[in-house]
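The values are calculated or read from the model by the stated rules, or taken from the named source; none is laboratory data. Everything numeric here is computed off the predicted structure, so don't read it as measured data. All Cβ positions, even for glycine, are placed from backbone atoms using ideal geometry, and neighbour counts span all protein chains on display.
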Amino acid sequence: MMTRLPGKACIFILFFAVVLPLTAVGEMERRAYPTSVMTLIDQAYQAGDLSEGDRAFLTIQALRDPGALPADYQPINPTPMKSGTPYILQALKNWDAMSPEQQAQAVVMMERAPLDSVYISPGNHFRIRYGFTNPDSVPADDFDSSGIPDYVERTALYADSAYHVYQEIYGYLPPPLKNDSLYTINLKKLLHVYGQTLPTIPGDSSWDDYVSYIDIDCNMANVLPNDDPEGDPIGALKVTVVHEYFHATQCAYDTFEDDWWMECTAVFHEELLFPEVNDNYNFLPYFYDYPDTSLLIDSYHAYGAFVWPMYLVDLYGYDVIKSAFEYARYFSIIPSLDSALAGHDETVRSVFSEFTVWNYFTGARAETTSYYVDAADYPMSPLDQTAGSCPFMGLTPVKTPDGMGCNYIVAYPDSSENGGLKLNFDGANSAVWGFSYVAFADDDVLVVADCDVDLYGRTKVAIYDYLRYDSLVFIPAVISPFQYNHTYVFDMAILPFGDADGSGEINLLDILLLIGNLYSGGLPPAYDYYMGDADGSGRINLLDILYLIDYVYQDGPAPVVYRP
């Protein structure tokens, strides 16, 4: 794994690898979000066909009594969702928008349906409620002849494992309980989700914690493929138990306003506890296919965004995640993450640009450089555009990035011009911008993460001797979390070698800048040290001043490139 690139300074790190020719990387089609019952409900709401109250009622109905849903909201061959938790939470937030009749029906739906039997987990932490009556019957297999269905025993063991990791190793607060020492997990038939965590009553803390219980599908008959060696249903059961129990643990804190964070961290813990399952890989395309989309949205996109907490843990250790939840008892998640990162002299804004670099090097691009351990197994993000040759003028985004989104732009140096390539990026004032680039030269890869961008969204960046590179990838990113569809204009200019002040031409001012730098402690050359190295020696001294004087006033040779 690469050493951290510190924020707000252009740090140059050279990698030696076999470079995948960028000419092989072209535009890729976005994968459409799957059709689910929630998709249909949300589409009807966005179209104005449902009120906020109707939307909340249908959401509860879809998750608690799906057979009663109107036909218009019964998708054909629906794609199951990992978790109904954020949808239940959203519906409960809008409880008052429902009519009295809807509220009365919702109360009945939210009650725990009776199940035949109870099994206490070996660790004595969980009460597993299950039944043998359709549609909620669990598989009858009992290979160990214990008298308890294997599916039930597995659920209990996976839950005990999650408790051990979350509460005993990481030290999270346990989920609040009401007059009880056991947390309840119900095995029920869930048509549209793998599982769901349902808050019931407020806890007794000064922040908004909640007592809750979990429903998990009773047989995992309708799940997506995964890599678990014991089969798809068992793999789905493993990750659902640890996913939903992390939601239950979140109920000890207060993250209900940040659905995306609840989901991406819950999926991340699937990877921590059961890395062999890879059910989460089913959802990676819905993150990587949409780099311009905000990190802060929920649904399928948030499931694939488990790479965000993975990135943070890889760089700063697990305590960043735990600390963020501690702060989230009193603040929303972005300032909570800022507080958690403060011990590393970082903020969400200062680390997000590098995150976008990590997300470029996946799939076939990971053959060049990789950051995530399993980067080669992840999808590749599409390019916003291939700009052709550079320098170019007036480039604007095809898909404007949202808050905490980005674009990937590929360009190829024009061999007819040489010098420093000045990057004039100008992002709209509606956002705070970050900017990174990657340069490929034969078997070398230059990564420049988190370049300086001023308060007006403008860069002050140049690539010295840009013709030594075969191709360039530019990554403008919105590093503020607010609003959508931020635009920018991206121009370039050539700076001749010896143009020490970065004005675009060589004259007396460059000579004076070098004199001031060498003898009066004045400013260094603009953009890059070597722009003042007129004779290409690799260092700036009196000879460079004399070289420029000869060039400017005596028609001497033009300044040359330094190539060690």
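Things to note:
- Matching entry among 259, 298, 279, 292 (being of a type outside the set (Gly, Ala, Ser), closer than 30 Å to residue 383 by Cβ, buried (at least 23 other Cβ atoms within 10 Å of the Cβ) and under 16 Å from the mean Cα position of the chain (by Cα)): 292
- Selection within segment 452-485 - over 17 Å from residue 424 (Cα atoms), assigned to a loop (DSSP other than H, G, I, E, B) and touching a residue at least 60 places away in the same chain (Cβ under 8 Å): 470, 479, 480, 481, 482, 483, 484, 485
- Residue tally, condition modelled with pLDDT of 85 or more, under 28 Å from the mean Cα position of the chain (by Cα) and surrounded by fewer than 19 Cβ atoms within 10 Å (Cβ to Cβ), over segment 45-88: 2
- Given (1) among the charged types (D, E, K, R); (2) under 30 Å from residue 400 (Cα atoms); (3) assigned to a loop (DSSP other than H, G, I, E, B), index of the condition residue 501 fails: (2)
- Hits in segment 152-172 - residues which are surrounded by fewer than 18 Cβ atoms within 10 Å (Cβ to Cβ) and outside any helix (DSSP H, G or I): 170, 171
- Failed condition for residue 488, given (1) in contact with a Pro (Cβ under 7 Å, 6 or more places away or on another chain); (2) within 30 Å of residue 543 (Cβ to Cβ): (2)
- Residue match in segment 128-149 (condition: out of contact with any helix residue (DSSP H, G or I) (no Cβ under 9 Å at 6 or more places or on another chain), assigned to a strand (DSSP E or B) and under 29 Å from residue 255 (Cβ atoms)): yes
- From 519, 530, 553, residue being surrounded by 17 or more Cβ atoms within 10 Å (Cβ to Cβ), modelled with pLDDT of 95 or more and of a type in the set (Phe, Trp, Tyr): 530
- Residues (among the polar types (S, T, N, Q) and either assigned to a loop (DSSP other than H, G, I, E, B) or in contact with a strand residue (DSSP E or B) (Cβ under 6 Å, 6 or more places away or on another chain) (or both)) located in segment 38-79: 51, 74, 77, 79
- Of all the criteria given as (1) within 30 Å of residue 251 (Cα to Cα); (2) outside any loop (DSSP other than H, G, I, E, B); (3) among the aromatic types (Phe, Trp, Tyr), the one not satisfied by residue 358 is (1).
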